[in-house]
Amino acid sequence: MKMTKEQARHRRKIRIRKKVSGTAARPRLVVFRSNKHLYAQLVDDVNGATLASASTQVAAKDGEALNPNCESAARVGKDIAARALEQKIETVVFDRNGYIYHGKIKALADGAREGGLKF
């Protein structure tokens, strides 16, 4: 039986999560991609808490509509970096959540780096 794209992504996600874990000092930057929006969260796995989040959905409420493209992804990356720096978080562990490091995921990571985060 052939695996679907979503099943393959889920297997990659599990494989990544075995190795990647976030702490309060160095949280995990998790990316989730839906058909319409892109989401990013900073997660402290030790305490099981979300420290900060950003998405194209939240940014769209600020006025202009954001399309699910690389420019919006970079903006979400800069937004999550700004929220992290407010909480004095400078280094993170990047969790691409099973997605291929390409396109929107890469643009978000580059935007976060541009915003001042180190991975």
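Looking at this structure, is Ala25 open to solvent by 70 Å² or more (accessible area, probe 1.4 Å), out of contact with any Pro (no Cβ under 8 Å at 6 or more places or on another chain) and among the hydrophobic types (A, V, I, L, M, F, W, C)?
Details: open to solvent by 70 Å² or more (accessible area, probe 1.4 Å): yes; out of contact with any Pro (no Cβ under 8 Å at 6 or more places or on another chain): yes; among the hydrophobic types (A, V, I, L, M, F, W, C): yes.
It is true that Ala25 is open to solvent by 70 Å² or more (accessible area, probe 1.4 Å), out of contact with any Pro (no Cβ under 8 Å at 6 or more places or on another chain) and among the hydrophobic types (A, V, I, L, M, F, W, C).
For the structure I just gave you, tell me whether Ile100 is open to solvent by less than 30 Å² (accessible area, probe 1.4 Å) and either touching a helix residue (DSSP H, G or I) at 6+ places or on another chain (Cβ under 9 Å) or without any contact (Cβ under 8 Å) to a residue 24 or more places away in the chain (or both). Can you show your working first?
Values: open to solvent by less than 30 Å² (accessible area, probe 1.4 Å): no; either touching a helix residue (DSSP H, G or I) at 6+ places or on another chain (Cβ under 9 Å) or without any contact (Cβ under 8 Å) to a residue 24 or more places away in the chain (or both): yes.
Spelling it out, it is not the case that Ile100 is open to solvent by less than 30 Å² (accessible area, probe 1.4 Å) and either touching a helix residue (DSSP H, G or I) at 6+ places or on another chain (Cβ under 9 Å) or without any contact (Cβ under 8 Å) to a residue 24 or more places away in the chain (or both).
Looking only at residues in the stretch 21-39 that are small (Gly, Ala, Ser) and under 19 Å from His10 (Cβ atoms), which one is farthest from the chain's Cα centre (by Cα)?
Narrowing the stretch 21-39 to residues small (Gly, Ala, Ser): 21-22, 24-25, 34.
Still in the list and also under 19 Å from His10 (Cβ atoms): 21, 34.
Values: Ser21: 14, Ser34: 12 Å.
That would be Ser21.
Looking at this structure, is Val76 of a type outside the set (D, E, K, R), open to solvent by 60 Å² or more (accessible area, probe 1.4 Å) and out of contact with any Pro (no Cβ under 9 Å at 6 or more places or on another chain)? It would help to see each step written out before you state the result.
Details: of a type outside the set (D, E, K, R): yes; open to solvent by 60 Å² or more (accessible area, probe 1.4 Å): no; out of contact with any Pro (no Cβ under 9 Å at 6 or more places or on another chain): yes.
No.
Over 24 Å from Gly103 (Cα atoms), open to solvent by 40 Å² or more (accessible area, probe 1.4 Å) and either among the aliphatic types (A, V, I, L, M) or modelled with pLDDT of 90 or more (or both): is that true of Ala65 in this structure? Step through it out loud before you land on a result.
On the way: over 24 Å from Gly103 (Cα atoms): no; open to solvent by 40 Å² or more (accessible area, probe 1.4 Å): yes; either among the aliphatic types (A, V, I, L, M) or modelled with pLDDT of 90 or more (or both): yes.
Spelling it out, it is not the case that Ala65 is over 24 Å from Gly103 (Cα atoms), open to solvent by 40 Å² or more (accessible area, probe 1.4 Å) and either among the aliphatic types (A, V, I, L, M) or modelled with pLDDT of 90 or more (or both).
The values are calculated or read from the model by the stated rules, or taken from the named source; none is laboratory data. Small disclaimer: the values here were computed from a predicted structure and weren't measured. With ideal geometry, Cβ positions are generated from the backbone for all residues, glycine too; neighbour counts draw on all protein chains shown. What goes into the accessible areas is simple: the full protein's heavy atoms, side chains included, and nothing from ligands, DNA or RNA. Shrake-Rupley method; radii C 1.70, N 1.55, O 1.52, S 1.80 Å.
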